[in-house]
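The values are calculated or read from the model by the stated rules, or taken from the named source; none is laboratory data. Note that the structure is predicted; figures quoted are calculated from it, not measured. FYI the Cβ positions are ideal-geometry reconstructions off the backbone, even for glycines, and counts take in every protein chain you see. In case anyone asks, the SASA skips ligands and DNA or RNA and just uses the protein heavy atoms, side chains included. Shrake-Rupley method; radii C 1.70, N 1.55, O 1.52, S 1.80 Å.
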Amino acid sequence: MRKWSLTLGLLLSATSVLSACGGGENEDAAAEGTDKITIKLMHRYQESNIGKSPEDTAVLDGLARFRADYPDVEIVEEQLQNEDYSIKAQALAAADDMPDVFIVPGSWMTNFVNNEIVLPLNAELDKRPEWRDGYRAGTLDAGTRDGQVYGIPIAAGPTHLIYYNAQMFSDIGYSEFPATWEELMDAGAKLAEKGINLFSYGDKSKGYALSSWISALTDRATGPEWTDSILSGGGAKFTDEGFVKAIGIMSDLAKAGYLNKDLNSVDADAMVNYYFEGRSAAFASGIWSAMNVVNNAPEAIAEATHVTVFPGIEGGLGNPLSSSGGAGVYYSVNAGVEAGDKLEAIMTMLDYMTGADSARLMAEAGGFPAYDPGEFDRGKLDRVALEAYEASAAADSTKIFDLWFDASVVEVINTEIQGVMAGSRTPEQLAEETQKAYETFLAKP
Amino acid sequence: MGKALRPKGWVLLAYLLPGLVLYSFVVLIPILAAFRYSFFSWTGGPKKQFIGWENYAEIMRDEVFWRSFLNNVLMTGYGLIGQVGLAFVFALLLMSKLVKWKGLHRTMSYFPSTLAPVIIAFLWMLIYNYNYGMLNSGLKGLGLGSLVQSWLDLTGPIVLLVSIPLSWQNIGFFTLLMLAGLSSINKEVLEVAELDGATGVRKAWYVIIPLAKPTLIVASLLCIANNMRGFEHVYALTGGGPGNASSVMALYAYQSSFLRFRYGYGSALAIAIITLTMLIIWLSTLGLRRRNQEGGVY
């Protein structure tokens, strides 16, 4: 009896340990045993978003076409939601267990390159010059380090545009969107009298402020040289006047009460809904909101909606017509993939997913692809989407801070800006905290 | 257990082995690994750089971490009042003759404990909502329109506002715990107390509390441990905002590791959290025990 219990106990423990470790090995062995090329792909585009999101529609269509044209390449695909993707990808990266092809936001790129997680793609791209040169100027930049391209961009387009209700502005005497900050503050006061917020704003998920406001505003104040100097460690500081001024403008808007009061506790969806409900006269957001307006806004609001960008800042060094933009998210290849048939297949797949055909489809669905689609059928596009597309194409694209600055600096700005907008911190305090994080980052490369 | 019936040491060990293996696999080893990582500057890839105690030195200087720690302590304070304290009052009410439909009250007060923290947070997000929230429309209905706030945007009382849903969720659990403890008090003692003229508050203070002390201590310790490792409610309700105003230690460690890619520092934070929590629990056990013993003299 006793022997039995011992054997049982040992057996149980042995199975529990073995079953935990054994699973993975078997899978790998099976995959390598066949001649078929297997590509493991993990990304954040989802079947359920086809038809709703131009990016998901175009990328997944490209993947389907690739599958049809190359039946002997097996693709093990994992589709995850945005936030789930970030969590899973970071855990896999820390465990050095990334799939063959995966999505890398620009802000992770430095980290992934330093840790040798991603493969430089120059040699492969050089074999396909036509594809390589099809990408819009600057879209490869945030995925490039020291001249080596580590990422294939998907969509580009500005993270800052203003969608505004022209009817509301004309009611208070502005036939066009206010052209200076003085006029804008004046419009804010007039709208506030009617109980309408100038902008609706929703930064609960942190990151909205940096991508849709701070990047574009700072560039208007400091010009692109400041950003480059920050990125290269060239002496620019976050405590410099221009950056503080940009944050100060946002703080002024919040203090004056021209934004919705619950600005830190609602997310971007609620922000857009406030605009749809007529509670606000405008909102700042990226090109991705164009299709939201087209599909979901009440008819009267959609008809009155036009698209523009922030006014220039008086005495600012940047181009007042610019908008933070460029590609933000990339497909990267695992550093462990060796040159050969598999890499060939991967590159062809990425061409299908992000290249010319996919780009045309994305543009027709209302997106702004990184690959220049050239002429496409604009007739299919709604007026607001077309306006957003044209504003995007016209805007001089500047760097999106959350994609370029190191994640440790980005996090501090994301957190501090909430305090500033809530009135518990000053723009100067934000600047100091950010500078501190930036210096820590510079000290520990 | 008699010696004849007691299984041999190695048999006991063999029985425990599966559990121990699992436990070490999911608890002990990760903690030890975190301890090791805490000495590295590590951004999440194969490259790590040994930096000794540097991460810990940074924690000592890190205002955000200490603010989060204070928030945890504050939440624990609110928890002791709002969860354990109120639960005790509820339990007394449920024991008294004043309350009807005791079963219904017990079930209803326990119900929130069965919900996931994210659902609780979502519910309370709606309650606190500026435009459509129950709280604000209630205030307007009472003619107190001037008190209407965007509650979750307030930096001052934010920790209290986050603690309320937590209390709302846990109060049922602690009430049950108290009821179990109170029902073990000898009825005759209570009757005698009543005969001696101790009723209501006096009975509770002089008779029930001293007799229910062991239950109160267990409940308080559970409450402290719960609040020191609090994460879900804050994460879902405010994300630690506005700014860092409602940040808690676990949330900060999570952000450091997974949003700022500072895995080494995040590991050091995790170790600091374990140490601080154990320290606080140890101190409170010490305090509560001593008071318990003093009480025992009478």
Two-decimal Rg/Rh of the protein assembly as shown from alpha-carbon positions, Kirkwood Rh? 1.02
Volume of the Cα convex hull of chain B, divided per residue and given in Å³: 219 Å³
Once the dipole of chain B is set up from charges on Cβ (+1 Lys and Arg, -1 Asp and Glu), the residue from the list B:W53, B:G9, B:N136 lying farthest towards its positive end is B:G9
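Quick check for me: using +1 on Lys/Arg Cβ and -1 on Asp/Glu Cβ, what's the dipole size of region A:278-371 about its Cα centre, in debye to the nearest 20?
Dipole size: approximately 300 debye.
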So for region A:79-205, Kirkwood radius off the Cα pairs, Stokes-Einstein at 25 °C and 0.890 mPa s: how many µm² s⁻¹? 131 µm²/s
Of region A:94-123, those with amide N under 15 Å from the point 7 Å along the Cα→Cβ vector of A:Q148 are A:109-123
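For chain A, which whole-number percentage of the solvent-accessible area (1.4 Å probe, protein heavy atoms only) is attributable to carbon and sulfur atoms? List each step's numbers first, then the result.
Details: 9390 of 18650 Å².
Answer for chain A is 50 percent, counting heavy atoms of protein chains only.
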So what is the 222 nm mean residue ellipticity for chain A from helices alone, if each DSSP H run of at least 4 adds -39500 (n - 2.57) and you divide by all residues, rounding to the nearest 500 deg cm²/dmol? -15500 deg cm²/dmol
Fraction of alpha-carbon pairs in region A:317-445 farther than 22 Å apart, rounded to whole percent, equals 60 percent
Just for the protein assembly as shown, what percent of DSSP beta bridges are antiparallel, to the closest 5? 60 percent
Reciprocal of mean inverse Cα separation for region B:180-245 (Kirkwood radius, Å): 14.8 Å
q = 0.12, 0.13, 0.20 Å⁻¹: log10 I(q)/I(0) that the Debye formula gives for region B:146-298, counting C-alpha atoms only: -0.72, -0.80, -1.23
Helix-derived [θ] at 222 nm for chain B: sum -39500 (n - 2.57) over DSSP H runs of at least 4, divide by residue count, nearest 500? -20500 deg cm²/dmol
Using 0.36 nm per residue of separation minus the Cα-Cα distance, give me the extension gain between B:Y206 and B:I81 in nm, one decimal. 43.0 nm
Of the residues A:N122, A:N197, A:N82, which exhibits the maximal mean-square fluctuation in a Gaussian network model of chain A defined by a 10 Å Cα contact cut-off? A:N82
Can you give the extra length, in nm with one decimal, that the chain gains between B:L28 and B:R290 once fully stretched, where that is 0.36 nm per residue apart less the Cα-Cα distance? 91.2 nm
Could you state the accessible area per residue of region B:22-152 in Å², with a 1.4 Å probe and every protein chain left in place? 61 Å²
If you keep only loop residues by DSSP, which chymotrypsin sites (Phe, Trp or Tyr not before Pro) in region B:53-126 have at most 12 other Cβ atoms within 10 Å of their Cβ? B:W53, B:W101
Could you tell me which residue out of B:A236, A:L184, A:I413 lies farthest along the dipole of the protein assembly as shown toward its positive end? Charges go on the beta carbon: Lys and Arg +1, Asp and Glu -1, centred on the Cα centre. B:A236
State the dimensionless ratio Rg/Rh of region A:377-433 (Rg: radius of gyration of Cα atoms; Rh: Kirkwood radius). 1.23
Estimated FRET transfer efficiency (B:S96, B:K213; beta-carbon r; R0 25 Å; 0.05): 0.80
Looking at A:G51, A:P105, A:A94, which one has the Cα that reaches farthest to the positive end of the dipole of the protein assembly as shown (charges on Cβ: Lys, Arg +1; Asp, Glu -1)? A:A94
Å³ per residue of the Cα convex hull, for region B:48-140? 211 Å³
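Please give the per residue accessible area of chain A, computed with a probe of 1.4 Å over protein heavy atoms only, in Å². List each step's numbers first, then the result.
Working: 18650 Å² over 445 residues.
Computed with neighbouring chains in place, this is 42 Å² per residue.
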Any chance you could look up the accessible area of A:F102 with a 1.4 Å probe, heavy atoms only, rounded to 10 Å²? 0 Å²
Taking all protein chains in place and a 1.4 Å probe, what share, in percent, of the accessible surface of region B:94-134 do carbon and sulfur account for? 75 percent
Where does the charge balance sit around A:A58 when Lys and Arg score +1, Asp and Glu -1, over other residues with C-beta under 10 Å from its C-beta? -4
For region B:6-20, residues shielded by at least 20 square angstrom of accessible area compared with the chain on its own, probe 1.4 Å: B:K8, B:W10, B:V11, B:A14, B:Y15, B:L17, B:P18
Just to be sure I understand: if you take the accessible area of chain A alone plus chain B alone and subtract the pair, with a 1.4 Å probe, what total do you get in Å², rounded to 100? 3600 Å²
Could you please tell me the mean projected area of the C-alpha convex hull for region A:279-373, averaged over all directions and given in square nanometres to one decimal? 10.0 nm²
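Please give me, ordered by residue number, the GluC sites (Glu not before Pro) of region A:359-445 that lie in loop per DSSP and have at most 13 other Cβ atoms within 10 Å.
Answer in residue order: A:E375.
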Mind listing P(r) for region B:42-199? All alpha-carbon pairs, 10 Å bins, whole percents. 9, 23, 26, 20, 14, 6, 2, 0
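In region B:195-238, what percent of the accessible surface is made up of carbon and sulfur (1.4 Å probe, ligands and nucleic acids excluded)?
Of the solvent-accessible surface of region B:195-238, carbon and sulfur hold 66 percent.
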How much length is gained if the chain between A:E439 and A:S48 is pulled fully straight, taking 0.36 nm per residue apart and subtracting their Cα-Cα distance, in nm to one decimal? 136.5 nm
Accessible area of B:L16, 1.4 Å probe, to the nearest 10 Å²? 100 Å²
Let a ≥ b ≥ c be the square roots of the eigenvalues of the Cα gyration tensor of region B:2-116; is it rounded (a/c under 1.5), or, if not, prolate (a/b larger than b/c) or oblate? oblate
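Over 31 Å apart: what share of the alpha carbon pairs of chain A falls there, rounded to a whole percent? Before the final figure, lay out the partial values.
Numbers: 44670 of 98790 pairs.
Here the long-distance tail beyond 31 Å is 45 percent of all Cα pairs in chain A.
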So if we plug the beta-carbon distance of A:E299 and A:E241 into 1/(1 + (r/R0)^6) with R0 = 35 Å, what FRET efficiency do we get, rounded to 0.05? 0.20
